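Data block below; observations after.
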Amino acid sequence: MRSAYRVTFCVLLLCSLPLAAKDKKKVLLSDDVLQARTVLVVVDPDTGVAAEDPLANRNAQEAVEKALMKWGRFELAINGSEADLVITVRRSNGKIVQPTIGGVPINNRPVIFEPTDSGGRVGGHQGTPMPGDPSNSQPSMPSPRIEAGQREDMFAVFRGRRDSPLDSPAVWRYSAKDAFRTPAVPAVEEFRKAIAEAEKQRAAKP
């Protein structure tokens, strides 16, 4: 009888370990992220321009911006000095290795006009950019290269209003196939769920 009890206890303990590990992996957003009101969306500066689809990352960037405007929680910033948060996007074609063109200033957009169902936005860079501002890529000599990465689209959130914000660890990440698919844009929807869950947990604290 005692042996059977021990076996049952061990089975229950082993079954509970994956659940505990899963809970530990859950990322809770900090108060400063929940209080953020401005966000800058850029293409991941480490990615090149895909030879098969040169506009893939730019289209993903615009899809995320429009989804954020539709959400209405954040105001879109033009440069890093105005952004409480910086979001990077990186589109994947499902291949681990692909040819790209490097050295292209993919995030330099001096004037922006984006119409949406709820209006739109117009803006441009003003003043001197901060060191490492991801919205102000320094041009170099374009050259072909072979880029290795993962098979899924990447969406990452960093703290803004600091020098070289992308050099710090991301506060939240999401990767999935078709993460920037319109009109739903799953990456933004998952970020919204993460914020809602963090706010719910914060409100439940005594």
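The values are calculated or read from the model by the stated rules, or taken from the named source; none is laboratory data. All of these numbers come straight from a predicted model, not from anything done at the bench. Cβ: placed from backbone, ideal geometry, glycine included. Neighbour counts: every protein chain shown.
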Checked against (1) modelled with pLDDT of 95 or more; (2) assigned to a helix (DSSP H, G or I), K200 satisfies every condition except (1)
Residues in segment 170-206 that are exposed (fewer than 12 other Cβ atoms within 10 Å of the Cβ) and under 22 Å from A60 (Cα atoms) total 3
The residue that is farthest from E152 (Cα to Cα), considering only those in segment 79-105 that are among the β-branched types (V, I, T) and surrounded by fewer than 23 Cβ atoms within 10 Å (Cβ to Cβ), is V104
Being closer than 28 Å to R151 by Cβ, of a type outside the set (F, W, Y) and either free of Cβ contacts under 8 Å to residues at least 12 places away in the same chain or crowded, with 17+ Cβ neighbours inside 10 Å (or both) narrows L68, L76 down to just L68
Scanning segment 76-130 for residues that are of a type in the set (G, A, S) and within 20 Å of the chain's Cα centre (by Cα), the one modelled with the lowest pLDDT turns out to be G94
With criteria (1) at pLDDT below 95; (2) within 24 Å of D167 (Cα to Cα); (3) not aromatic (F, W, Y), M1 comes up short on (2)
Flagged in segment 32-54 as of a type outside the set (D, E) and modelled with pLDDT of 90 or more, in numbering order, are V33, L34, Q35, A36, R37, T38, V39, L40, V41, V42, V43
Are any of the residues in segment 21-31 part of a helix (DSSP H, G or I) and either on the phi > 0 side of the Ramachandran plot or modelled with pLDDT of 80 or more (or both)?
-> yes
Can you confirm whether segment 42-65 contains a residue that is part of a loop (DSSP other than H, G, I, E, B), under 30 Å from Q201 (Cβ atoms) and not β-branched (V, I, T)? yes
Taking segment 146-169 and the residues there that are more than 20 Å from N136 (Cα to Cα) and of a type in the set (G, A, S), the one that is surrounded by the most Cβ atoms within 10 Å (Cβ to Cβ) would be G149
